[in-house]
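Take this structure first; my questions come after.
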Amino acid sequence: MAHTHLKEKYCDVILISPPARRYSPYPPFGLLYLSSFLEENGISTRIIHSTMELGNTTLYLAHRFIRRSEKNAFFCRVIIEEILARRPCLVGLSCYTVEYHWTIEMARQIKERTGVLIVVGGVHATLKPEDFIFKGSPVDYVVLGEGETPLAKLAHSIKDGHGPTGIENIAYLSADGSPVIGVCNVERDIMSFPQPDYQKIDMRYFSKPSTRHIRNILLSGVEIFTSRGCPYNCEFCASNYLQQNSGNVPRVRYRDVNMVIEELKYLAREHGIDGFYIQDDCFLLSRERVTEFCEKLVHTGLNLVWGAETRVNLVNDQSLLQLMRKSGLLQLDFGVESGSQAMLDGIGKGITVEQIKRAFDLCKRSGIRTFANIMLNLPHEREKDIMLTEQLLDEIRPTMISVMLTVPLLGTRIYEKYVTPKFTMSEYDIYNKNVFSEISDKRFLLADHDMDFKRLSKHFQVRYNKMAGKSRLSALYWKKIGRSRHLLMYLLIIFLSPIDIVIGIFMRFDSSTLNNFFRRTAQRLLGASEHSNNRNNSAIMVGEDCLGGEDNEKRTQ
Ligand code: B12
Ligand code: SF4
């Protein structure tokens, strides 16, 4: 397995990415940033990401044939073995709301079997620290918000035999049993933060061609961040809540452009990426920075292609778009959300329908593909609003669209405004249902009409994505792919994907004898592979359903 190459046996901190992000093509950036920051501050780390199992082709194939609970049990075993072998002083888990039950269950397993101190961070821990800090909780500490500085301080303090007292951005249970919840400050200076610690994960997996880096374009690429934070206040987004205590620190903080360029050079040299996607909350805020970035990117001579997500109100300058295209930009993704101005205003989007039309027109004239994210089930939506969205799409004709239902996520204003009664801890699993495509709980219904959302989404997707596959990609893209280090992989993916689809359909028929034969073979392969790593499983076998909860890996695939 990929992680056996590590030279050092012991480490101070182990960071764990949840199994629900198992097939996500995106590296666990939060953990990568934490890891490099800790290493720079004298704390040795190790990252466990469930895709590490997939670095090995045999295991990847085996995983296609076993049940989700078996995969989770396998992952759980790997984690506990690693903790026992490497004896860290602290184990860190990352948690979104959808992962809450898994996180608590995993923490319980780790605590019972290893006794190690456990810290949880990430979006849900920041929004609801009290969900982890209670009597009998297996979690010892919560880190609120961006975790670099507080985690480094906490790890040092634990190594030195001290407690968490005096460290900001931390929550824990005090000696008298009452929760101590610190303030959540954002990191003031991310300029000097080290590059994400790519060496700690299996980049063969993350850099392989996928259509999910730049959506609908097959590309060997990686996501990158050039900034953190967003100054806007869309009511369906948790981003501004996460930054709310920025005090006098600007909500948007930038990385050094030279560092970003160095990161891309590293990724191209070491992992042969052909492109990248800018995952910033809000790219294009500063014209000067974008210009500097594009010029420096051209100067590298790497000819990387790229995509980014941005807002229509920030696209108003054709000369900048042309520079971006010259530097390799293929596609811009926009949060269009709706064609109804009343809906846009109602969610605090801060854009106009006219701005949408202008941005799409400018992109078209600059030869840049466009991706429109559309939201249904907006608060107080009526049939009339949906018709306006349809009219808008007819006019702007994006290269591709995605349609999702508005979901009142914890940490968003629409959750505060419209969800009553609020979800209790035991109800978070509701978010694991297909909430982005159907109303699974009546508290999720925000619209004022009773149209069938599933049929409506399908109608939109079919009508506006018809031409997407036929839309031509620039010569730059084909030149890049033609010379790619991953050319064989591109060809394999193109020719093998129909077979993969057939396997997927085949696996749905649970009772077939052939299916059971494959499953048993896969289980044997997994067992054999673990033994070949000299792992002693007997003492750490974990029950099949140790991780509980419904895994939403399908959505992140
Ligand atoms: C990229 C991304 C994804 C990627 C995940 C990539 C990955 N490997 O982590 C993918 C596409 C897989 C994804 C999926 C989903 N996502 Co998402 N995603 C994001 C996005 C845009 C950026 C996250 C990121 O990488 N940030 C950059 C890194 C550096 O920051 P970070 O991860 O937050 O990590 C920092 C801190 O949180 C903290 N930290 C994080 N982990 C840990 C662990 C420890 C131990 C410590 C101490 C600290 C710590 O320190 C880190 C460094 O400062 C955010 C928006 C945002 N602004 O956060 C939404 C966001 C996190 N996603 C969200 C949602 C809802 C989802 C989905 C449910 C959506 C869906 N359609 O299904 C799924 C759920 C995934 C799952 N487990 O099933 C919501 C979460 C809301 C909530 N209440 O939980 C967000 C906030 C967007 C929103 N709508 O508001 N997502
Ligand atoms: S949806 Fe985008 S623009 Fe709106 S607040 Fe969230 S990150 Fe900012």
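The values are calculated or read from the model by the stated rules, or taken from the named source; none is laboratory data. Only a predicted model underlies this, so the values are computations on that prediction, with no experimental measurement involved. With ideal geometry, Cβ positions are generated from the backbone for all residues, glycine too; neighbour counts draw on all protein chains shown.
Need pairs with beta-carbon distance below 6 Å; first residue modelled with pLDDT under 95 and within segment 480-491, second of a type in the set (Lys, Arg); sequence gap 6+ or separate chains.
Matching pairs, first to second residue: 489/208.
Take the residues in segment 87-103 that are crowded, with 21+ Cβ neighbours inside 10 Å and more than 9 Å from ligand 1 (Cβ to nearest atom); name whichever of them is modelled with the lowest pLDDT.
103
What number of residues within segment 237-278 are part of a loop (DSSP other than H, G, I, E, B) and surrounded by fewer than 22 Cβ atoms within 10 Å (Cβ to Cβ)? Spell out the reasoning first.
The initial filter retains those residues of segment 237-278 that are part of a loop (DSSP other than H, G, I, E, B), namely 237-238, 243-252, 255-256, 272-274.
Then drop every residue that is not surrounded by fewer than 22 Cβ atoms within 10 Å (Cβ to Cβ), which leaves 237-238, 244-252, 255-256, 272.
Counting residues in segment 237-278 that are part of a loop (DSSP other than H, G, I, E, B) and surrounded by fewer than 22 Cβ atoms within 10 Å (Cβ to Cβ) gives 14.
Just to be sure before I move on: is residue 153 under 17 Å from residue 15 (Cα atoms), out of contact with any strand residue (DSSP E or B) (no Cβ under 6 Å at 6 or more places or on another chain) and not small (Gly, Ala, Ser) in the structure I sent?
Details: under 17 Å from residue 15 (Cα atoms): yes; out of contact with any strand residue (DSSP E or B) (no Cβ under 6 Å at 6 or more places or on another chain): yes; not small (Gly, Ala, Ser): yes.
So residue 153 passes the test.
Sort through 261, 273 and tell me the only one that's closer than 16 Å to residue 307 by Cβ and more than 11 Å from ligand 1 (Cβ to nearest atom).
Details: 261 fails: closer than 16 Å to residue 307 by Cβ.
Exactly one of 261, 273 is closer than 16 Å to residue 307 by Cβ and more than 11 Å from ligand 1 (Cβ to nearest atom), namely 273.
State which residue is farthest from ligand 2 (Cβ to nearest atom) when the search covers only segment 204-231 and only residues that are within 24 Å of residue 185 (Cα to Cα) and either in a strand (DSSP E or B) or touching a helix residue (DSSP H, G or I) at 6+ places or on another chain (Cβ under 7 Å) (or both). Can you show your working first?
Filtering segment 204-231 for residues within 24 Å of residue 185 (Cα to Cα) gives 224-231.
Okay, now just the ones that are also either in a strand (DSSP E or B) or touching a helix residue (DSSP H, G or I) at 6+ places or on another chain (Cβ under 7 Å) (or both), so 224-228, 230.
Working: 224: 16, 225: 12, 226: 14, 227: 11, 228: 11, 230: 3 Å.
Out of the qualifying residues, it is 224.
Same structure again: Taking the options 121, 145, name whichever one is within 18 Å of residue 46 (Cα to Cα) and touching a residue at least 40 places away in the same chain (Cβ under 8 Å). Reasoning before the result, please.
Numbers: 145 fails: within 18 Å of residue 46 (Cα to Cα).
121 is the lone residue from the list that is within 18 Å of residue 46 (Cα to Cα) and touching a residue at least 40 places away in the same chain (Cβ under 8 Å).
Quick check: is even one residue across segment 27-42 assigned to a loop (DSSP other than H, G, I, E, B), within 22 Å of the chain's Cα centre (by Cα) and modelled with pLDDT under 80? Break it down stepwise before answering.
Initial filter on segment 27-42 (assigned to a loop (DSSP other than H, G, I, E, B)): 27-28, 41-42.
Right, trim to within 22 Å of the chain's Cα centre (by Cα) and you get 27-28.
Pick out the ones that are also modelled with pLDDT under 80 and you get none.
No - not one qualifying residue is present in segment 27-42.
Okay, moving on. Looking at 5, 63, can you tell me which residue is out of contact with any Lys or Arg (no Cβ under 9 Å at 6 or more places or on another chain), farther than 14 Å from residue 110 by Cβ and at pLDDT below 80? Give the derivation first.
Working: 63 fails: out of contact with any Lys or Arg (no Cβ under 9 Å at 6 or more places or on another chain).
After applying the criteria, what remains is 5.
Kindly check whether there is at least one residue in segment 243-257 that is within 16 Å of ligand 1 (Cβ to nearest atom), closer than 22 Å to residue 371 by Cβ and not aliphatic (A, V, I, L, M).
Scanning segment 243-257 turns up no residue that is within 16 Å of ligand 1 (Cβ to nearest atom), closer than 22 Å to residue 371 by Cβ and not aliphatic (A, V, I, L, M).
While we're here: Filter segment 187-229 down to the residues that are among the β-branched types (Val, Ile, Thr) and touching a Lys or Arg at 6+ places or on another chain (Cβ under 7 Å) and list them by number. Working first, answer last.
Pass one, segment 187-229, residues among the β-branched types (Val, Ile, Thr): 190, 201, 211, 214, 217, 222, 224, 226.
If the condition is that a residue be among the β-branched types (Val, Ile, Thr) and touching a Lys or Arg at 6+ places or on another chain (Cβ under 7 Å), then 190, 226 are the ones that fit.
Continuing with the same structure: What number of residues in segment 204-231 are in contact with a Cys (Cβ under 8 Å, 6 or more places away or on another chain) and more than 11 Å from ligand 1 (Cβ to nearest atom)?
Total satisfying the criteria: 1.
Moving on to the next point. If residue 461 passes every condition in (1) modelled with pLDDT under 95; (2) under 30 Å from residue 134 (Cβ atoms); (3) in a helix (DSSP H, G or I) but one, which one does it miss?
Here residue 461 clears every test but (2).
Test residue 201 against the stated conditions and say whether it is buried (at least 20 other Cβ atoms within 10 Å of the Cβ), over 30 Å from residue 105 (Cβ atoms), more than 9 Å from ligand 1 (Cβ to nearest atom) and in contact (Cβ under 8 Å) with a residue 40 or more places away in the chain.
Answer is no for this residue.
Given the criteria within 25 Å of residue 228 (Cβ to Cβ), within 16 Å of ligand 1 (Cβ to nearest atom), aromatic (Phe, Trp, Tyr) and not in a strand (DSSP E or B), does residue 283 qualify? It would help to see each step written out before you state the result.
Details: within 25 Å of residue 228 (Cβ to Cβ): yes; within 16 Å of ligand 1 (Cβ to nearest atom): yes; aromatic (Phe, Trp, Tyr): yes; not in a strand (DSSP E or B): yes.
Against the criterion (within 25 Å of residue 228 (Cβ to Cβ), within 16 Å of ligand 1 (Cβ to nearest atom), aromatic (Phe, Trp, Tyr) and not in a strand (DSSP E or B)), residue 283 qualifies.
Search segment 365-381 for residues that are charged (D, E, K, R) and pair each with any residue that is buried (at least 23 other Cβ atoms within 10 Å of the Cβ) and not in a strand (DSSP E or B) when their beta-carbon atoms are under 6 Å apart and the residues are at least 6 apart or on different chains.
369/399
Here is a further query. Going through segment 123-136 one residue at a time, which ones are near ligand 1 (Cβ under 6 Å from one of its atoms) and crowded, with 24+ Cβ neighbours inside 10 Å?
Selection gives 124 alone.
Give segment 374-402 a look and list any residue that's away from ligand 1 (no atom under 12 Å from the Cβ) and either hydrophobic (A, V, I, L, M, F, W, C) or not assigned by TED's automatic domain parsing to the domain that holds residue 341 (or both), or say none. Lay out the reasoning, then the answer.
Applying the first criterion (away from ligand 1 (no atom under 12 Å from the Cβ)) to segment 374-402 yields 374, 376-401.
Matches in segment 374-402: 374, 376, 378, 386, 387, 388, 392, 393, 396, 400, 401.
Hey, does segment 264-273 have a residue that's in contact with a strand residue (DSSP E or B) (Cβ under 8 Å, 6 or more places away or on another chain) and of a type in the set (D, E, K, R)? Spell out how you get there, then give the answer.
Narrowing segment 264-273 to residues in contact with a strand residue (DSSP E or B) (Cβ under 8 Å, 6 or more places away or on another chain): 264, 267, 271, 273.
Narrowing the set further to residues that are of a type in the set (D, E, K, R) leaves none.
Taking every residue of segment 264-273 in turn, none turns out to be in contact with a strand residue (DSSP E or B) (Cβ under 8 Å, 6 or more places away or on another chain) and of a type in the set (D, E, K, R).
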